[in-house]
Each structure stands twice: as structure tokens, then as C-alpha cells.
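Enquirer: Below you will find the structure I want to go over with you.
The values are calculated or read from the model by the stated rules, or taken from the named source; none is laboratory data. As the structure is a computational prediction, the values presented were derived from the model and not from experiment. With ideal geometry, Cβ positions are generated from the backbone for all residues, glycine too; neighbour counts draw on all protein chains shown. With ligands, DNA and RNA removed, areas are computed over all heavy atoms of the protein, side chains included. Shrake-Rupley method; radii C 1.70, N 1.55, O 1.52, S 1.80 Å.
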Amino acid sequence: MNIGIVCYPTFGGSGVVATELGMALANKGHEVHFITYNQPVRLDFISYNLHFHEVVMEEYPLFQYQPYELALSSKMVEIAEKHQLEVLHVHYAIPHAYAAYMAKKMLQEKGINIKVVTTLHGTDITLVGSHPTYKTAVEFSINHSDEVTSVSNSLKEDTLRLFNIKKDIKVVYNFIDGEKYETNEEECQRGALAKPEERILTHISNFRPVKRTQDVVKIFNEVQKAIPSKLLMVGDGPDRLKAENLVKQLGIEEKVLFLGNSNEVAKILCYSDVFLLPSQTESFGLAALEAMAAKTVVISTNTGGLPEVNIHNETGFLSDLGDVHDMAKNAIKVLKDEETLQKFKQSAKEHTKLFSLEEVLPEYEKIYKACF
Ligand code: GMT
């Protein structure tokens, strides 16, 4: 099939899932066209059947805010016509589902009947989409998609609770390509970051308030008092400075490394023993799944879709939102004994088979076909 994929090209999970999906579809022989304002950060190759089309904005002094949706929907029409796209698969409802609806209407006037699949990822529903500023248009564009998917049952329930949805929402979990997280001893230069007796805890996110990065620091501060350890903070965003200041305030600067945004997630995770994700809410928690694929034990909150990904006392532990002491206690439980740590690491890796590319890719292909 000829498939257009629309997403944010940034480090966030929705862009990562969209990019990995597009590359996997192209590897399977589909014609895939990415349409977004920058080349997606995880897009690591372009080929005869995998393309990137940049949405270019035209600055104009009258505009206080650039009308990205207009430029995006126009680009969708151009690429759909030029490459005979059959499906537009948009990731993250805002503003992609709305722009896709407009493109579908413009193409209908040209006698082209393109199908729109909208995948809901989380904050497009729970934090932003349900805000009165956007809710009417988000609800309309979801209801006018040909197919709608969500990345967890929890997010489906949130969507039905927050919006008047008339469409059936299909749950298609996020996935990972497990092979990308297989690293051997030589590749995993753990000694570069920590002494042999030290454990390594890691956090990866966009450092937005929903990720509660200061809780990550508080958890680590408790753990490092009991276990010789280091903390890797990966990513960047509005709360990074607050986290850095808390590290200084607690006097643990020499034990915490802020690495900024990185495309070396698999390598960083291969160093890691425990992954900390104390989010206010996570529709799925893709970073937690990536951690498990790299044999890292997940210590997280029990919010949103996380219990569908992180299995308590098997792949890691779940705690109530804000309960940093309980999360620290669980981390210490796992880290203090090598046999326990290896048992949890193995279970975490094993569990990711349920979210493999082989399992999930055919589900999206089935949904594309169900549009016709
Ligand atoms: O809301 C964000 O943090 C951005 C968004 C994204 O684009 O990264 O994350 C959401 O989508 C991911 C991929 O489906 C999910 O794994 C995240 O749990 C989800 N974030 C939230 O729900 C807070």
C-alpha cells in the first residue's frame, strides 16, 4: 500500500512509534511517505520506498501564530496526489487529525477518496486535547477519522470518558524492534560510566512536568544512600533546570549525569540496571518498554497505561503517584542483590515479546485494509 505517515519529528514517544512503524512498513515493501516539519529524529534511512516530505512554513508579519495545519493539510494533498496515497496515518490527534480531515475533503473535490487513520498517543487526549481550547475540534476530527486507534486500554477509556466519541477505538499497543536493544559486552562499555560495584539508574523523557523529573532525583537520592550508584538523566525539556538545581541542593552532583537528548537510547539503557518513570500519567510509557527490551528493571507509578506495560513484582514495581519513598524502597530491593536483579532483568526482557514488531505491524496493516 501507499501510506502517508504524519507525526511530530521530535524525541517524544509518538514520533518514535510513528517512525519505527514507517520504517518497518517500508521494509515490508509498502510505499511510505513521512509528512512533517523536520526529518523524524529516529528516521535512520531513506530508500526507494521510504520518503520524507518537509512541511515548509511561510512567515508573514500579520500572523502571530504560524498556521501549521494549513501548510500540513496542503502538503498532504500534494503528496497524496503525487504518490497516489491510499491511507494517511496520523499520530497524535493535535493538529494532525484535523489537518487530515481538511486534506480528505480537498482530495474528495478532486475525486480522490483517501482514508484517514488516527492514532491517539496520550497527552493529545489526557492533558491537551480535552482542554476547552481544543476539545471541540479534537472530538470532531477523531469522529471523522475512518479508523481510530489508541496505544492502551487505559487511553481508550480516558478518550471515551473525556469526549463524545462515536467511532470504535481499536487498541494497538506500542511496540519495539527488540533487535535494536541487543547489545554485547564490547558495545556496552559500562565501565566508562560507573565503577564495577556501582549500580546505574536511568531516566529518559522530554522533561515536561507530567514526567515529574524532580521525583526521579528524590528517588535516586534515597537509593544512593543505601547502594553505591549513579543516575543517568537523558532528554531535555522545561523541567531539566529544576532537576539540575535539586541535584545541587542535595549535594549529589558527582553521582548524576545529565546527557541531554540522545539517539543512543539502546546503548545508554544497556548500561542501566533500573529505569525510573514516576510520571503523573502515561498512556503507555514507551520509554519503559524500551528499558525492558534492554534488560532494565522498571520502577514506575501505576498511572494510566503503565500497569499494562510494567508488571508489578515481575518486570519491576508500581507505586502510587508521588510515593518516592516506596519507589526508592523497591529500587533498593532489586539492586541490593545480584540474583534478584538478574531475575527481574530477565523477566523484563521476556515480557517485551508481547509488544514485538512482529505482533503489532500486522495489526496496523489490518486496520489500513479495514478502511476500504
Ligand atoms: O505526552 C507526551 O509526553 C508526549 C507523547 C509523545 O509524543 O511522546 O507521549 C505519549 O505517547 C507515547 C507514545 O505512544 C506514550 O508512550 C506516552 O506514555 C505518552 N505520554 C503520556 O501519556 C504522558
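Enquirer: Quick one: in segment 309-327, of everything that is crowded, with 23+ Cβ neighbours inside 10 Å and not in a strand (DSSP E or B), which residue is nearest to the chain's Cα centre (by Cα)?
Expert: Looking at residues that are crowded, with 23+ Cβ neighbours inside 10 Å and not in a strand (DSSP E or B), I get V309.
Enquirer: Please specify each residue of segment 173-212 satisfying the condition of being touching a residue at least 40 places away in the same chain (Cβ under 8 Å), open to solvent by 70 Å² or more (accessible area, probe 1.4 Å) and either within 16 Å of the ligand (Cβ to nearest atom) or within 25 Å of M327 (Cβ to Cβ) (or both).
Expert: Scanning segment 173-212 gives P209, R212.
Enquirer: Please enumerate the residues belonging to segment 295-308 that are in contact (Cβ under 8 Å) with a residue 24 or more places away in the chain, over 10 Å from S154 (Cβ atoms) and either open to solvent by 10 Å² or more (accessible area, probe 1.4 Å) or within 12 Å of the ligand (Cβ to nearest atom) (or both).
Expert: Those that are in contact (Cβ under 8 Å) with a residue 24 or more places away in the chain, over 10 Å from S154 (Cβ atoms) and either open to solvent by 10 Å² or more (accessible area, probe 1.4 Å) or within 12 Å of the ligand (Cβ to nearest atom) (or both): K295, S300, T301.
Enquirer: Quick test of your reading of the structure: T202 fulfils all but one of (1) modelled with pLDDT under 90; (2) closer than 22 Å to N261 by Cα; (3) not in a helix (DSSP H, G or I). Name the failing condition by number.
Expert: Only one criterion in (1) modelled with pLDDT under 90; (2) closer than 22 Å to N261 by Cα; (3) not in a helix (DSSP H, G or I) is unmet by T202, namely (1).
Enquirer: What about T133, is it outside the structural domain of A348 (by TED's automatic domain parsing) and within 14 Å of the ligand (Cβ to nearest atom)?
Expert: Details: outside the structural domain of A348 (by TED's automatic domain parsing): yes; within 14 Å of the ligand (Cβ to nearest atom): no.
In short, no.
Enquirer: Condition first: out of contact with any Phe, Trp or Tyr (no Cβ under 7 Å at 6 or more places or on another chain) and either over 22 Å from A80 (Cα atoms) or within 14 Å of the ligand (Cβ to nearest atom) (or both). Now tell me which residues in segment 1-12 satisfy that.
Expert: Selection gives V6, T10, F11, G12.
Enquirer: If you don't mind, there's one more thing I want to ask. List the residue pairs whose Cβ atoms are under 8 Å apart, where the first residue sits in segment 342-355 and is more than 17 Å from V172 (Cα to Cα), the second is exposed (fewer than 13 other Cβ atoms within 10 Å of the Cβ) and at pLDDT 95 or above, and the two are 6 or more positions apart or on different chains.
Expert: none
Enquirer: Additional query: Yes or no: I252 open to solvent by less than 20 Å² (accessible area, probe 1.4 Å), more than 16 Å from the ligand (Cβ to nearest atom) and touching a helix residue (DSSP H, G or I) at 6+ places or on another chain (Cβ under 9 Å)?
Expert: The answer is yes for I252.
Per-residue answers, yes or no, for (1) without any contact (Cβ under 8 Å) to a residue 60 or more places away in the chain; (2) touching a Gly at 6+ places or on another chain (Cβ under 9 Å):
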{"position": "S14", "(1), (2)": "no, yes"}
{"position": "E31", "(1), (2)": "yes, no"}
{"position": "F34", "(1), (2)": "yes, yes"}
{"position": "I46", "(1), (2)": "yes, no"}
{"position": "L50", "(1), (2)": "yes, yes"}
{"position": "Q66", "(1), (2)": "yes, no"}
{"position": "H83", "(1), (2)": "no, yes"}
{"position": "I94", "(1), (2)": "yes, yes"}
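Enquirer: Okay, next question. Condition check: free of Cβ contacts under 8 Å to residues at least 12 places away in the same chain and either open to solvent by 10 Å² or more (accessible area, probe 1.4 Å) or hydrophobic (A, V, I, L, M, F, W, C) (or both). Does K267 satisfy that?
Expert: no
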